[in-house]
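Comments concern the structure below.
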Amino acid sequence: MTTLFISDLHLDAERPQITELFGRFVRDEARGADALYILGDLFEAWVGDDDPAETGAFVARELKALADSGVPVHFIRGNRDFLLGRDYAARAGMRLLPDPSVIVLYGQPVLIGHGDLLCTDDVAYQQFRAQTRHPLWQAQFLAQPLAARLAFAQQARAASKAHQAGLKDAGRMETITDVAPVTVEETFVRYGVDTMIHGHTHRPAIHALDAGGRPRKRVVLGDWYEQGSVLRVDRDGMRLQTLD
């Protein structure tokens, strides 16, 4: 049996082929898995569980069917869908996990998370993240009409693109938007694990490194903008692969 990890699907109505690829993945391969972990940014944007958009409804139906078949579905919020709440999670049959979380994977403790907490060199983003994760900010935002929330999401996406364009022009895009090595080492030591799995950076790879005086492994999941990306883990090891 295999445990599956995915992240950064960024599903929305503008890329229906990726949404359908996700549906096929859930209906086919995931039905035979030990569990499915979704490590954030399942959606391109999420402004509240009351959004009636068909993409969200489709994903909820597919994941609920998977959960009802006996495959546990776990979800960690990302920077695009941090407002995904308990109502939608219940509709989708997902169990919400804190970011980060330690799980036991075939007898070994593994730290999982979205990954944005590791990008501490991007100070502006970390400040925005802290603001939008505050319960008061979220309560005030979710109290606004749906149309206003959707407009805010569009503005936030435009601001994010402008921020990244500025970093690129300054020649800092590759370093600022990737994880900070010092933070990675501190995180390994703090949680006492030898393996970490995350997404967010869209730089799929399996990194071997030394942290705290012993060897560790950091697995970065790929995004689903052009194709699928899945980490398959079983008792024999890990395989980070793409889905056409």
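Worth pointing out:
- Phi angles of the stretch 224-231 translate, via the Karplus equation with coefficients 6.51, -1.76, 1.60 and θ = phi - 60°, into HN-Hα couplings of 10, 5, 10, 7, x, 9, 9, 9 Hz per residue; Gly and Pro are given as x.
- Whole-Hz ³J(HN,Hα) from phi, Karplus 6.51 cos²θ - 1.76 cosθ + 1.60, for the stretch 234-244, glycine and proline x: 9, 5, 8, x, 10, 9, 9, 9, 10, 10, 7
- Ordering ALA89, PHE22, ALA158 by Cα displacement along the dipole of the chain toward the positive end leaves ALA89 in first place; charges were set at the Cβ atoms of Lys, Arg (+1) and Asp, Glu (-1).
- Using the average count of surrounding beta-carbon atoms within 10 Å as a protection proxy, the listed peptides 35-43, 8-16 rank, highest first, as 35-43, 8-16.
- Look at the dipole of the chain built from charges on Cβ: of THR120, LEU243, ALA13, the Cα furthest out on the positive end belongs to THR120.
- As a calculated quantity, the FRET efficiency between ARG232 and VAL102 at R0 = 22 Å, using C-beta atoms, amounts to about 0.60.
- Across the stretch 191-205, coupling constants 3J(HN,Hα) worked out from phi with the 6.51/-1.76/1.60 Karplus curve, θ = phi - 60°, read 9, x, 10, 9, 9, 10, 10, 8, x, 6, 7, 6, 10, x, 5 Hz, and Gly and Pro carry x.
- Surface per residue (accessible, 1.4 Å probe) for the chain, Å²: 48
- Rounded to 5, percent antiparallel among DSSP beta bridges of the chain: 55
- Our compactness index for the stretch 1-45, the C-alpha radius of gyration over the empirical 2.2 N^0.38 Å, is 1.17.
- Each label point was placed 7 Å from the Cα along the Cα-to-Cβ direction; for ARG133 and ASP50 their separation is 2.6 nm.
- Report summary: the helix-based calculation at 222 nm, which adds -39500 (n - 2.57) for every DSSP H run with n ≥ 4 and divides by the residues of the chain, gives -11500 deg cm²/dmol.
- Taking amide hydrogens as placed 1.01 Å from N in the peptide plane, the amide H of ARG77 sits under 5 Å from those of LEU97, each at least 5 positions away in sequence or on another chain.
- Note that the stretch 101-244 shows a convex hull volume over its alpha carbon atoms of 151 Å³ per residue.
- Kirkwood hydrodynamic radius of the stretch 174-244, from inverse mean 1/r over distinct Cα pairs, in Å: 13.1
- Sulfur and carbon atoms: percent of accessible area, the chain [1.4 Å]: 53
- Global dimensions of the stretch 1-157 from alpha-carbon coordinates: Rg and Dmax equal 15.8, 47 Å.
- In this label model, GLN126 and ARG91 are separated by 3.5 nm, measuring between points 7 Å along each Cα→Cβ vector.
- The mean sequence distance of close C-alpha pairs (under 8 Å, at least 6 residues apart), as a share of the length of the stretch 11-122, puts its relative contact order at 27 percent.
- Relative contact order, percent, the chain [alpha-carbon distance under 8 Å, six or more residues apart]: 23
- About its Cα centre, the dipole of the chain is roughly 380 debye, where the only charges are +1 on Lys and Arg Cβ and -1 on Asp and Glu Cβ.
The values are calculated or read from the model by the stated rules, or taken from the named source; none is laboratory data. Worth saying up front: this structure is predicted, and the values here are computed from it rather than measured. Don't worry about glycine lacking a Cβ; one is built from the backbone with ideal geometry, like all the others, and counts go over all protein chains shown. Note: areas computed on protein heavy atoms with side chains; ligands, DNA, RNA excluded. Shrake-Rupley method; radii C 1.70, N 1.55, O 1.52, S 1.80 Å.
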